[in-house]
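Chemist: Questions regarding the structure given below will be posed in turn.
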Amino acid sequence: MLLHIPHVLGIDELRSVQSLILEAHWQDGRMTAGSQSAQVKNNLQLEETLPQAEQARHIVSLALARHPQFITGALPKTVYPPLFNRYAGTHNAFGDHIDNAVRTHATSERHVRTDISCTLFLSDPSSYDGGELVVQDTYGQQRLKFAAGDAVLYPGTSVHRVEPVTRGERLACFFWVQSMVRDDTQRRLLYDMDMAILALRQQAKHDREDSSEVVKLTGCYHNLLRMWADV
Ligand code: NI
């Protein structure tokens with residue numbers, strides 16, 4: 001499932017993250033790439049241990065934790081601490097690759113199975129040319145470029161790339177989620193069901209209590225989640 005999540009960061013959070021990371025020291029993105037992706041990775045990445053990276057990561061993590069669409073779409077069990085990258089000048093692209101299946105966090109040594117790959121856009125799309133995130137989806141190729149502060153979630157199993165940035169610069173935050181529901185199809189079904197139940201409850205918002213159908217559907221949602229969740 002490819003899921004666009006608008007307004008993960010508010011304008012103040014976005015400005016704070018931008019100013020924190022822009023003044024920090026950037027290193028070659030190949031430092032953290034696997035051997036296949038290192039061949040095609042040509043961007044800059046913020047060193048994880050920098051205080052600016054720590055502060056920016058904190059802002060993003062809080063925003064994610066309180067965003068209902070992220071929670072219901074990802075059903076997160078573990079989120080890899082968000083990282084930041086920059087595409088500009090000669091470090092301007094990342095060719096086709098699939099993210100490593102398991103990421104081990106350097107300081108905590110915790111493992112995260114990368115069920116879901118996430119990009120949080122941090123640059124205004126009108127400020128740069130190129131830089132589309134291209135994801136090979138079940139339904140073909142998706143070319144994605146969203147507003148600053150918006151995020152996109154896609155299955156970790158997807159081949160993807162970032163097109164060359166030919167003007168300006170593209171800042172982004174990226175991270176992975178190990179989901180309580182490992183299977184993408186099951187996660188999609190739960191998401192659709194959750195959204196439909198929400199819409200039904202909205203339509204009937206003047207009723208004193210939920211209809212018995214809504215109660216049953218909500219029960220089905222939780223019983224499916226109970227069947228599939230690994231917590
Ligand atoms: Ni990737």
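The values are calculated or read from the model by the stated rules, or taken from the named source; none is laboratory data. Model, not experiment: these values are computed from the prediction. Every residue, glycine among them, receives a Cβ derived from its backbone with ideal geometry; neighbour counts consider all protein chains shown.
So that you can scan it fast, the table gives a plain yes or no per residue for (1) touching a residue at least 60 places away in the same chain (Cβ under 8 Å); (2) away from the ligand (no atom under 16 Å from the Cβ); (3) in the same structural domain as Asn42 (by TED's automatic domain parsing); (4) crowded, with 18+ Cβ neighbours inside 10 Å:
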| residue | (1), (2), (3), (4) |
| --- | --- |
| Val60 | yes, yes, yes, yes |
| Pro68 | no, yes, yes, no |
| Ile71 | no, yes, yes, no |
| Ala74 | yes, yes, yes, yes |
| Phe94 | yes, no, yes, yes |
| Ile98 | yes, no, yes, no |
| Ala101 | no, no, yes, no |
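Chemist: Could you tell me whether segment 211-228 includes any residue that is in contact (Cβ under 8 Å) with a residue 24 or more places away in the chain, exposed (fewer than 15 other Cβ atoms within 10 Å of the Cβ), in a helix (DSSP H, G or I) and under 23 Å from the mean Cα position of the chain (by Cα)?
Modeler: Taking every residue of segment 211-228 in turn, none turns out to be in contact (Cβ under 8 Å) with a residue 24 or more places away in the chain, exposed (fewer than 15 other Cβ atoms within 10 Å of the Cβ), in a helix (DSSP H, G or I) and under 23 Å from the mean Cα position of the chain (by Cα).
Chemist: Turning to a different aspect of this structure: Out of everything in segment 1-51 that is among the basic types (Lys, Arg) and within 20 Å of the chain's Cα centre (by Cα), what residue ends up being nearest to the ligand (Cβ to nearest atom)? Break it down into steps so the answer makes sense when it comes.
Modeler: Keep residues of segment 1-51 that are among the basic types (Lys, Arg), which gives 15, 30, 41.
Pick out the ones that are also within 20 Å of the chain's Cα centre (by Cα) and you get 15, 41.
Values: Arg15: 26, Lys41: 8 Å.
Only one residue fits best here, namely Lys41.
Chemist: Next question, about the same structure. Just one of Tyr139, Tyr154 is under 23 Å from Thr72 (Cβ atoms), hydroxyl-bearing (Ser, Thr, Tyr) and touching a Leu at 6+ places or on another chain (Cβ under 6 Å); which is it?
Modeler: On the way: Tyr139 fails: touching a Leu at 6+ places or on another chain (Cβ under 6 Å).
One residue alone meets the criteria, Tyr154.
Chemist: Inspect all residues belonging to segment 143-151 and state whether any of them is within 16 Å of the ligand (Cβ to nearest atom), closer than 21 Å to Gln55 by Cβ and crowded, with 17+ Cβ neighbours inside 10 Å.
Modeler: Scanning segment 143-151 turns up at least one residue that is within 16 Å of the ligand (Cβ to nearest atom), closer than 21 Å to Gln55 by Cβ and crowded, with 17+ Cβ neighbours inside 10 Å.
Chemist: For segment 178-210, name all the residues that are in a helix (DSSP H, G or I), of a type in the set (A, V, I, L, M, F, W, C) and touching a helix residue (DSSP H, G or I) at 6+ places or on another chain (Cβ under 8 Å).
Modeler: Leu189, Leu190, Met193, Met195, Ala196, Ile197, Leu200
Chemist: Quickly run through segment 159-199 and pick out the residues that are farther than 15 Å from Asp115 by Cα, loosely packed, with under 15 Cβ neighbours inside 10 Å and of a type outside the set (D, E, K, R). Don't jump to the end; show me each part of the working.
Modeler: To start, the set of residues in segment 159-199 that are farther than 15 Å from Asp115 by Cα comprises 161-173, 189-199.
Imposing the further condition that a residue be loosely packed, with under 15 Cβ neighbours inside 10 Å reduces the set to 166-167, 192, 195-196, 198-199.
Within segment 159-199, Thr166, Met195, Ala196, Leu198, Ala199 qualify.
Chemist: So, Ser19, is that one under 20 Å from Trp176 (Cα atoms), hydroxyl-bearing (Ser, Thr, Tyr) and surrounded by fewer than 20 Cβ atoms within 10 Å (Cβ to Cβ) or not? I'd like the intermediate steps shown before the answer.
Modeler: Numbers: under 20 Å from Trp176 (Cα atoms): no; hydroxyl-bearing (Ser, Thr, Tyr): yes; surrounded by fewer than 20 Cβ atoms within 10 Å (Cβ to Cβ): yes.
Spelling it out, it is not the case that Ser19 is under 20 Å from Trp176 (Cα atoms), hydroxyl-bearing (Ser, Thr, Tyr) and surrounded by fewer than 20 Cβ atoms within 10 Å (Cβ to Cβ).
Chemist: For the structure I just gave you, tell me whether Thr114 is surrounded by fewer than 12 Cβ atoms within 10 Å (Cβ to Cβ) and touching a strand residue (DSSP E or B) at 6+ places or on another chain (Cβ under 9 Å). Reasoning before the result, please.
Modeler: On the way: surrounded by fewer than 12 Cβ atoms within 10 Å (Cβ to Cβ): no; touching a strand residue (DSSP E or B) at 6+ places or on another chain (Cβ under 9 Å): yes.
Taking the combined requirement at face value, the residue does not satisfy it.
Chemist: Taking segment 76-92, which residues are among the aliphatic types (A, V, I, L, M) and away from the ligand (no atom under 12 Å from the Cβ)? It would help to see each step written out before you state the result.
Modeler: Initially, segment 76-92 is screened for residues among the aliphatic types (A, V, I, L, M), giving 79, 83, 88.
Passing the criteria: Val79, Ala88.
Chemist: Just to be sure before I move on: is Val215 among the aliphatic types (A, V, I, L, M) and in contact with a Lys or Arg (Cβ under 7 Å, 6 or more places away or on another chain) in the structure I sent?
Modeler: On the way: among the aliphatic types (A, V, I, L, M): yes; in contact with a Lys or Arg (Cβ under 7 Å, 6 or more places away or on another chain): no.
So Val215 does not fit the description; no.
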